[in-house]
Structures are given as structure tokens and as C-alpha cells.
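The values are calculated or read from the model by the stated rules, or taken from the named source; none is laboratory data. If you're wondering where the values come from, they're calculated on a predicted model, not measured in any experiment. So basically every Cβ, Gly included, is an ideal-geometry build from the backbone, and we count neighbours across all protein chains shown.
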Amino acid sequence: MAGNSGGNPVTHFGRQVRKERLARGWSVHELSARSGIAAGHLSRIENGKRPPTENIANKLDGVFPERRGYFTELYEEMRTWAPPGFRDWPEREARATRLSVWSPGVVDGLAQTEDYARSLLETLPGASAEAVKGRLATRMARQRHVLYRDDPPAVHLIVDELALFRRVGSAQAMTAQMRHLAELASLPRVRMQVLPAAAHPATASGFIVAEGAGAAYVEHVLGGGVYTEEQTLTTLSDLFDTLRAECYRASDTTAIIGKAEGLWTGESRPTAERRAGRA
């Protein structure tokens, strides 16, 4: 059984599918015909652009019986590379047409740079280097599959203003994080707003509502969980709308993030741009 080896788990799965297909001299379309998986979907899985599901793994095992359940076993192993409460979430998130995302006090994992994420993961009590490495790879892979796939969902991300000024890692890492937020805010399917550092009703935990998938993920200090009850989803959606009503305008987001970047670099964005122009 091939392990993660610290890499991207979704890419690793896709490479194994391609390896088995090419070893038999099959085209993607031939594997599609044998497995019942759409050729385009198979191609995205092989290229690491779409995470596998249990159903996909089962169909692949049916095509490659001599591997004795290899793909189901690999899929189950991949689920251990994410925190326990998060393991059922990726499949639901992949079906979402819109994600409403809130995280108190820190930048949400969906919008973190690698350095920021690593520094945050390293603060967890008892976190081993291997655990940090695996969770970091999973987090970065998730970003690619949610934000940069061919058919991304609409993402409405509320950023806590306090997160712009709470140091995670080095000042250089914070500068890079601010620039990354500004880049994300410019994506056509992303709407980002900053929530002022004032009293609000969602200080206790972060959450994500996945419209179109009938699910939400709620995180707390001991972990998190997936919720599908209609009343819970309605409550969280209403709470998100309450936070949105308290946010700065979306059109002000870049300027607010730019001011925070200036704090971490020690100079304003226009000054930094002029300095770069003279270099």
C-alpha cells in the first residue's frame, strides 16, 4: 500500500489511477467505458483537480480486481490525513453551488497561504511534524479543488478584521497572507468582506454553509463536525447573513487589507509600489 509520503493526497490518488490505466494501455475513454465514470471526471481525478469519492474508489476496484481493493483502501487511508471531524466534508463541499465561510480571529483555512497555515498548525498541542505535514498538504489541496477548479462554487468569505492584525508566523508571512487575500478577493467567483472588530454573535466558532449540498461544517476548539439538519442549516445561514450585515462594503475590502499589509511591511502599499518601481 503506497502511503501519502507527505504529498498532495488527491494528486497521489490520481497518479495511481493513471498508472494502472497506462499499464494496461487504455485511454481515458476506455477506462470510462469499463468503470462507468465520465471521461471528463476521470481526467480531473487523474490530474488531481477533483477529489475521489468512495463510489469512485469502488468502481475503480471493480475495473482492477487484481489489485484486491487497492483504491478503496487508499481512499480510506486518505481520510485519515484530515482531522476526524473534517473527513466527511470534502464530498459535500465538492457538490456545493455556494459556500458561505466564516472564521473568528484567524484567516480561514480556505484562504490561508502555506506559511500561514503551517505556523497555525504548529501551535496545536502535541502536533507532530508528520501530522502538520499531512494536514498542510490536505489544506492546500482543498484550496485548489474549491477555488481553482474548472467549475468553482460561488464563495462568500467573511474575514475577521482581528485576523488581519493577529500575527501568525513571521511579519513576512503576514505580508504574504495579506497579498494572498487581496488576490483571492479579485477572483470572479469570490466575494470577500471584512467584519469590523466589534461585538457580534459568532465569536465562539467558525462555520461553512454549503448551499446545494445541504450541509454545514462547524468547528470548535476540540474539532468540528458536519451538520445536515434543515433547522441547523437555516440557523447558520441566518447567522451568516447577520454577520454580512455588519461587514464593511465588499468594495472596501482591498483597501482594508492593503492597510494591514502596510502595517506588516512597515510601509503603505503606494510606498511599496513606488519602491518596487525604482528597484
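Figures for the structure shown
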read-out: Flag for D151 being acidic (D, E), touching a residue at least 40 places away in the same chain (Cβ under 8 Å) and farther than 24 Å from A245 by Cβ; value: no
read-out: Filter pass, L187 being assigned by TED's automatic domain parsing to the domain that holds L99 and in contact with a helix residue (DSSP H, G or I) (Cβ under 8 Å, 6 or more places away or on another chain); value: yes
read-out: 2 or more residues surrounded by fewer than 19 Cβ atoms within 10 Å (Cβ to Cβ) and not assigned by TED's automatic domain parsing to the domain that holds T242: qualifying helices (runs of 4 or more DSSP H) within region 64-182; value: 70-79
read-out: Condition check for A204: among the hydrophobic types (A, V, I, L, M, F, W, C) and either surrounded by 13 or more Cβ atoms within 10 Å (Cβ to Cβ) or modelled with pLDDT of 90 or more (or both); value: no
read-out: Meets criteria (surrounded by 14 or more Cβ atoms within 10 Å (Cβ to Cβ), within 19 Å of A185 (Cβ to Cβ) and at pLDDT below 95) for T232; value: no
read-out: Residue among L195, L239 that alone is under 29 Å from G258 (Cβ atoms) and in contact with a Cys (Cβ under 8 Å, 6 or more places away or on another chain); value: L195
read-out: Residue that is more than 30 Å from S170 (Cα to Cα), in contact (Cβ under 8 Å) with a residue 24 or more places away in the chain and not aromatic (F, W, Y), where the choices are R135, R50, R118, R68; value: R50
read-out: Those residues of region 238-264 which are over 23 Å from the mean Cα position of the chain (by Cα), in a helix (DSSP H, G or I) and of a type in the set (S, T, Y), in sequence order; value: T242, S251
